[in-house]
Structures are given as structure tokens and as C-alpha cells.
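Bear in mind that the values in this text are calculations on the coordinates, not laboratory data. Owing to the predicted nature of the structure, the values given are computational and were not obtained by experimental measurement. In this analysis, Cβ positions are derived from the backbone assuming ideal geometry, glycine residues included, and neighbour counts consider all displayed protein chains.
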Amino acid sequence: MTDLTRLQTGAHARVIQISGDKRYLSRITSIGMNIGSRVEMLQNEKKRPLLVYSRDTMIALNRQEAQNIKVEEEQ
């Protein structure tokens, strides 16, 4: 298990855990990032927001937000 910021571009993973305050959790789950959902890392460049594809939606997350999302990489 690792946080979302450590996935390389093109990697696929499954969300295992999401931590944060109620506001953060509400926002993240409302855009489709739920425990068990699959994600694909579209862009992970240093000092830039992460671009993640999940449930037919492209999601931009800043690095602080992405550190609260724990994933398990799939092969």
C-alpha cells in the first residue's frame, strides 16, 4: 500500500484508504474516488497537480490531497 503521489504515469491501482476531514472526504467521494475504485495515473510530474482517471472522469488533485489517498498498485 502506498499513497497516490507515488504512482508512476500509466500505472493502474485500486483505492484502499482515504483519510482526511469531513469536508475533504465529502469532496473526494463526490467526484468518484471511493474505496475500491480503480484509478489510472495519467500525469505525475514533480511540482504539478496529479491527473487521475477514475470512473470515466479525469480528476486533478494537488499533491497534499493525493497523499491522503492510499492505493494498491495493480499489474
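Of note:
- Test: residue in segment 49-65 that is acidic (Asp, Glu) and either in contact with a helix residue (DSSP H, G or I) (Cβ under 9 Å, 6 or more places away or on another chain) or over 17 Å from Thr9 (Cα atoms) (or both): yes
- Some residue of segment 31-49 being farther than 18 Å from Glu73 by Cα, more than 9 Å from the chain's Cα centre (by Cα) and among the polar types (S, T, N, Q): no
- Tallying residues that are assigned to a helix (DSSP H, G or I) and basic (Lys, Arg) within segment 33-75 yields 1.
- Check on Met58, without any contact (Cβ under 8 Å) to a residue 40 or more places away in the chain and loosely packed, with under 14 Cβ neighbours inside 10 Å: yes
- Among the residues of segment 22-32, just one is part of a loop (DSSP other than H, G, I, E, B) and of a type outside the set (Val, Ile, Thr), namely Gly32.
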